[in-house]
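The next block holds one structure in the form of structure tokens; read it before the comments.
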Amino acid sequence: MKYPFQQLQRTHAACIDELKRAAAEVIESGWYLRGSQTSAFEEELSAALGVSESVATGNGLDALRLILRGYIELGRLKEGDELIAAANTYIATILPASELGLKVRLIDPDEQTMCLNLRDAAHAASGKTRVVAVTHLYGNPSWDEDAAAELRQRGIIIMEDNAQAIGASWHGQMTGSLGDASAQSFYPSKNIGALGDAGAVCSSDSQLIAAVRSLHNYGSDRQYHFKYLGYNSRMDEMQAAFLRIKLRRLGEVTAMRNRAAAVYNASISHPDIQTPATLDGCTQVWHQYILRSPRRNELMEYLRGNGVGTMIHYPIPPHRQPCYEGALEGSYPLTDRLAAEVLSIPIADIPEREASEISDIINSFPKN
Ligand SMILES: *Cc1c(COP(=O)(O)O)cnc(C)c1O
């Protein structure tokens, strides 16, 4: 494949010596969990997102679970309460809600952003709705100040799934600091990726952070004293040391994705292919660059045959997954259409020249 979808070696080429030095330092320090690397990373992450505190976790799914468990322990949520999410989100947004006994209610996303529209969520919210989960899918920030104020006034928690959007902003404010609490994922292919699993909870709510901090360490609020039936979901010192290096490079990584996206936006022109919207007043971070085509499968084959790796995010939406059979009834026509039409093309660490070559290949897709 001349243009693979993503190569993490390429991502790491720019900082390989720094990563190796950091690994050596951690190995030699003799301290591997809950140490100075993790606490420094938590502080640097909070500063980068503009929240007062962060808790480094084992992964992004756990970060979402810890937020919901935290609110349950604080008495702001209980079993049977309803959570609203976009039907086309990645399944991890809603798995922890289901596991904790919340009722998941889906709505179709906004056609332009492909994300949850907060105004639609406020409209759909009932007396049972206690949480709205906003996923900034594909790195597209999705927010609405008035709808958020209305939801808060009704006592509804806004949880951001910021796994795909670290570095994005909405009218100057970072995603991950817009809602009441946010979950980050540092899965290796994310815009800031660890060399393994890692995640974080970020919030300016000190009570929630205290609950999450206990819950992620067996439920312990001080040594050998257990306030909650907790979990073990801690980031290790090695990943924290790597992520401190990666976080310093976030601006550069985002700028490179933006340059490639700008080439695609300007160059791709084909009657059967739609390029993604660029959003006013926002910084998109292009976690994925999503084409839409009614001839998606044919296009995917054509690109594969011409050396361009692609992926589908995501081919089967949650309401059609076996684990949710009978549980997420309802019809989500836009979500089904997106699942049939979306195609992700290479965007991570792609120099402009390659974006331009890939655009030419896309434009040469035979017309119907
Ligand atoms: C990656 C991802 C997650 C889960 O993160 P992990 O670190 O893999 O557990 C959650 N939500 C979204 C939208 C994601 O893309």
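The values are calculated or read from the model by the stated rules, or taken from the named source; none is laboratory data. Note that the structure is a prediction, hence the values are computed from the model and not measured. Glycine gets a Cβ as well: all are built from the backbone with ideal geometry, and neighbour counts include every protein chain shown.
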Of the candidates ALA56, ALA48, ALA14, the one satisfying the condition of being on the phi < 0 side of the Ramachandran plot, surrounded by 13 or more Cβ atoms within 10 Å (Cβ to Cβ) and at pLDDT below 95 is ALA14
Out of all the residues in the stretch 110-129, is one or more of a type in the set (Val, Ile, Thr), under 26 Å from ASN191 (Cβ atoms) and within 16 Å of the ligand (Cβ to nearest atom)? yes
Residue pairs within 9 Å by beta carbon, gap of at least six or interchain, first lying in the stretch 338-365 and among the aromatic types (Phe, Trp, Tyr), second part of a helix (DSSP H, G or I), listed first then second, are PHE365/GLU298; PHE365/LEU299; PHE365/TYR302; PHE365/LEU303
Looking only at residues in the stretch 179-208 that are away from the ligand (no atom under 15 Å from the Cβ) and under 20 Å from the mean Cα position of the chain (by Cα), which one is nearest to SER52 (Cα to Cα)? SER204
Members of the stretch 101-128 that are surrounded by 22 or more Cβ atoms within 10 Å (Cβ to Cβ), of a type in the set (Gly, Ala, Ser) and at positive phi: none
Condition test on SER267, is it under 28 Å from ALA255 (Cα atoms), among the hydroxyl-bearing types (Ser, Thr, Tyr), buried (at least 16 other Cβ atoms within 10 Å of the Cβ) and touching a strand residue (DSSP E or B) at 6+ places or on another chain (Cβ under 6 Å)? no
Restricting the stretch 63-82 to residues that are surrounded by fewer than 22 Cβ atoms within 10 Å (Cβ to Cβ) and of a type in the set (Gly, Ala, Ser), which is farthest from the ligand (Cβ to nearest atom)? GLY75
The stretch 83-98, residues that are farther than 23 Å from GLY155 by Cβ and more than 12 Å from the ligand (Cβ to nearest atom): ALA87
Can you tell me which residue is nearest to ALA47 (Cα to Cα) among those in the stretch 205-251 that are in contact with a helix residue (DSSP H, G or I) (Cβ under 9 Å, 6 or more places away or on another chain), surrounded by fewer than 18 Cβ atoms within 10 Å (Cβ to Cβ) and polar (S, T, N, Q)? GLN207
Do you know which residues across the stretch 138-178 are more than 17 Å from the chain's Cα centre (by Cα), more than 14 Å from ALA125 (Cβ to Cβ) and either part of a loop (DSSP other than H, G, I, E, B) or of a type in the set (Val, Ile, Thr) (or both)? HIS171, GLY172
Looking for whichever is in contact with a His (Cβ under 6 Å, 6 or more places away or on another chain) and at pLDDT 95 or above here; the options are SER204, SER233. Which one fits? SER233
Being free of Cβ contacts under 8 Å to residues at least 12 places away in the same chain and under 30 Å from ALA14 (Cβ atoms) narrows it down to one residue among ALA241, ALA210, ALA266; which is it? ALA266
May I ask you to list pairs of residues, at least six apart or on different chains, whose Cβ atoms are under 6 Å apart, with the first in the stretch 281-300 being in contact (Cβ under 8 Å) with a residue 12 or more places away in the chain and the second being aliphatic (A, V, I, L, M) and surrounded by fewer than 20 Cβ atoms within 10 Å (Cβ to Cβ)? LEU291/ILE273; SER293/ILE273
